[in-house]
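Read the structure below first, then the notes.
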Amino acid sequence: MRHLLIALVFLTSACVNATSVVTETKFQPVTKSQVPLMEPVHKIDYSYYPDSDFVNLKIPENFEYIKPTTLRYHMETGEYRHYSKQYFGVEKRYNGWDCHNILKNFKVNIAKTFKMGDDESFFKITVCQNHIAPMTHMDYKYMMEKMSDIILHHATNRNVKEPYYIKDVNNPQYAKYMLMANTAEFYAVFKDLMPLTPPEHEVIKAYFDEIFMGNPFHTQQRREQCDVNNPARIASTINRKNGNNGQTGIGMNGCGSYAYTMVNASLAYAISTNNNKLFKRAKMNLTHLLGSYDDNGIQVAQATRGGVSWGYHTDQTQYLGYTTEILASIGYDFLQHTMPRSGITVKEVMDMHWDIIDDHTLLGVYAKYNQGVMKRDQWNDVKDLPTLKVTQIMQQQKPWRHIALSNPRYLNEYRDEVTTIWGKEVNLKEIANSKSGGANNWYNHLFPSEYLYRINQSR
């Protein structure tokens, strides 16, 4: 979690691409007096989608994403219930901080963003969001009630918005997108167990439908959209302030953590609600996002994070693992999906990612640009260190076992051999099936990948 909190501080921007685009709505600048729920889709490069393997992929009619009985089984007997109870202080902090109302009311005080005493701070909103998953695993019935109230309040009041804010690091906007994604994913997984009336479900679905037809790649800085035709530019483009209403350069958040979180949430939500219209938009957005990976499978926006690039980049490995299981639910083999531009498969991307987990120096081609990080987190300070040491400093501790459990399908199908990681020989397939070492495996998604993998295997 410490890595996540640090990561949230350093993320920079998202924005607008000028070439090979589909423009659906005329762009209207945001003003202080009018901040929309979502920005319209504007100048996003969807040019690779028509030729992608996604085009003809549809949600089966009357498809059930996760059966309520199966869901109850995992929440009541799964190993994460045990892990959650060991998650130090989570219940005390969630209730002591009044996380329910912090998340429900969503107010970010820009002037006090990092002050622990400010209950409406970005920091506390972030921590409270991180506690949704362990709290749900500890007592899912309790959280059904709490999250129903939070989500219905958001849908009714449309209050999850960031204030008008032009700055290099836009913490309120990051918090907005992450909360939208977390609540949508929660609804996609648990909606059939939530104590909501049919009219309340309709209000909530109308809310999420609007969100996921909007632009998940936007930031107020108005920077250029991530370049899916030449992703190396994401790292090498210099960012500068441009007057009073924006920045120059490429907004890395436009293909970074919250973008992928939103896209995965939109996929799960569309499948769970049998909404092929939203599913098409989610597929288009996923195709755009995959364009930010270079020809070797490195995700450039996260690889360019200087001394903390290893931690950021492993997030992408976990996101890909989750996407794999979301799409496997409807019978699609995402690991054999062809990446835009490069022509390599997602499986080959994962091969590269596991090489990077063992050797952080493979990120050096982009990490040297030190984009979106503080002066203390420079690439030159870590490039010559052993990878194990790099994972122990710069507050990016994340066990590789945790990453392994996020990728059960890839490891089971393609990594049967003994692999060396940080000087030790390990069998990744055995670890993926061990059900151990993943105490923090809700790190990048609410419902653990290995749970969904087991569900998919039994369909």
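The values are calculated or read from the model by the stated rules, or taken from the named source; none is laboratory data. Quantities reported herein were computed from a predicted structural model and do not represent experimental measurements. Methodologically, a virtual Cβ is constructed for each residue, glycine included, from the backbone with ideal geometry; neighbour enumeration extends over all protein chains shown.
Filter region 344-383 down to the residues that are acidic (Asp, Glu) and either closer than 25 Å to residue 248 by Cβ or in contact with a Cys (Cβ under 7 Å, 6 or more places away or on another chain) (or both) and list them by number.
Restricting attention to region 344-383, the residues satisfying the condition of being acidic (Asp, Glu) are 348, 351, 355, 358-359, 377, 381.
Hit for region 344-383 is 377, nothing else.
Name the residue, out of 347, 398, 375, 383, that is within 30 Å of residue 240 (Cα to Cα), in contact (Cβ under 8 Å) with a residue 12 or more places away in the chain and among the basic types (Lys, Arg). Let's see the steps before the verdict.
Details: 347 fails: within 30 Å of residue 240 (Cα to Cα); 398 fails: within 30 Å of residue 240 (Cα to Cα); 375 fails: in contact (Cβ under 8 Å) with a residue 12 or more places away in the chain.
From the options 347, 398, 375, 383, the qualifying one is 383.
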Residue in region 322-337 that is farther than 21 Å from residue 58 by Cβ and not in a helix (DSSP H, G or I) present: no
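Just the residues that are out of contact with any Ser or Thr (no Cβ under 9 Å at 6 or more places or on another chain) and either in a loop (DSSP other than H, G, I, E, B) or touching a residue at least 24 places away in the same chain (Cβ under 8 Å) (or both), please, taken from region 352-361. Spell out the reasoning first.
Filtering region 352-361 down to residues out of contact with any Ser or Thr (no Cβ under 9 Å at 6 or more places or on another chain) leaves 352, 355.
Hit for region 352-361 is 352, nothing else.
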Those residues of region 330-381 which are at pLDDT below 95 and touching a Pro at 6+ places or on another chain (Cβ under 9 Å), in sequence order: 341
Hits in region 188-202 - residues which are assigned to a helix (DSSP H, G or I) and within 17 Å of residue 70 (Cβ to Cβ): 188, 189, 190, 191, 192, 193
Top-ranked residue of region 216-236 - restricted to ones that are assigned to a loop (DSSP other than H, G, I, E, B) and surrounded by fewer than 24 Cβ atoms within 10 Å (Cβ to Cβ), ranked as nearest to the chain's Cα centre (by Cα): 227
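Take the conditions at pLDDT 95 or above and surrounded by fewer than 24 Cβ atoms within 10 Å (Cβ to Cβ) and apply them to residue 281. Does it pass?
In short, yes.
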Region 46-69: number of residues that are polar (S, T, N, Q) and touching a helix residue (DSSP H, G or I) at 6+ places or on another chain (Cβ under 6 Å): 1
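Would you please name the residue that is nearest to residue 271 (Cα to Cα), looking only at residues in region 184-203 that are in contact (Cβ under 8 Å) with a residue 60 or more places away in the chain and crowded, with 19+ Cβ neighbours inside 10 Å?
Just the residues of region 184-203 that are in contact (Cβ under 8 Å) with a residue 60 or more places away in the chain, to begin with: 184-193.
This time we only want the ones that are crowded, with 19+ Cβ neighbours inside 10 Å, so: 184-191.
On the way: 184: 12, 185: 11, 186: 13, 187: 12, 188: 8, 189: 10, 190: 13, 191: 13 Å.
Step by step, filter region 184-203, then rank; the result is 188.
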Filtered residue count, region 104-132, keeping only those that are modelled with pLDDT under 50 and assigned to a helix (DSSP H, G or I): 1
Residue match in region 238-245 (condition: in contact with a Gly (Cβ under 6 Å, 6 or more places away or on another chain), surrounded by fewer than 23 Cβ atoms within 10 Å (Cβ to Cβ) and of a type outside the set (A, V, I, L, M, F, W, C)): yes
Matching residues, region 54-92, being small (Gly, Ala, Ser) and in contact (Cβ under 8 Å) with a residue 12 or more places away in the chain: 78, 84
Test set (1) surrounded by 23 or more Cβ atoms within 10 Å (Cβ to Cβ); (2) more than 21 Å from residue 41 (Cα to Cα); (3) aromatic (Phe, Trp, Tyr) - residue 332 fails condition number: (1)
Enumeration of residues in region 407-459 that are modelled with pLDDT under 90 and polar (S, T, N, Q): 433, 434, 436, 440, 441, 444
Residue list for region 257-301, restricted to those being under 20 Å from residue 206 (Cα atoms), more than 14 Å from the chain's Cα centre (by Cα) and of a type in the set (Val, Ile, Thr): 271, 273
Residue match in region 246-255 (condition: of a type in the set (A, V, I, L, M, F, W, C) and assigned to a helix (DSSP H, G or I)): yes
Test: residue in region 270-279 that is touching a Leu at 6+ places or on another chain (Cβ under 7 Å) and not acidic (Asp, Glu): yes
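Would you check which residues across region 65-89 are part of a helix (DSSP H, G or I) and hydroxyl-bearing (Ser, Thr, Tyr) and list them?
Of all residues in region 65-89, those part of a helix (DSSP H, G or I) come to 68-77, 79-86.
Within region 65-89, 69, 70, 73, 77, 80, 83, 84 meet the criteria.
How many residues are β-branched (Val, Ile, Thr), at pLDDT below 50, exposed (fewer than 15 other Cβ atoms within 10 Å of the Cβ) and in a loop (DSSP other than H, G, I, E, B) when one looks only at region 13-64? First the steps, then the outcome.
Initially, region 13-64 is screened for residues β-branched (Val, Ile, Thr), giving 16, 19, 21-23, 25, 30-31, 35, 41, 44, 55, 59.
Subsequent filtering for residues that are at pLDDT below 50 retains 16, 19, 21-23, 25, 30.
Keeping just the survivors that are exposed (fewer than 15 other Cβ atoms within 10 Å of the Cβ) gives 19, 22-23, 25.
With in a loop (DSSP other than H, G, I, E, B) added as a condition, the list becomes 19, 23, 25.
Total meeting the criteria: 3.
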Residue list for region 291-315, filter: in a helix (DSSP H, G or I), touching a His at 6+ places or on another chain (Cβ under 7 Å) and closer than 16 Å to residue 259 by Cα: 302, 303
Filter result (surrounded by fewer than 20 Cβ atoms within 10 Å (Cβ to Cβ) and closer than 18 Å to residue 424 by Cβ) within region 353-389: 355, 358, 359, 385, 386, 388, 389
Per-region count, region 262-292, residues in contact with a helix residue (DSSP H, G or I) (Cβ under 6 Å, 6 or more places away or on another chain), within 30 Å of residue 360 (Cα to Cα) and not aliphatic (A, V, I, L, M): 4
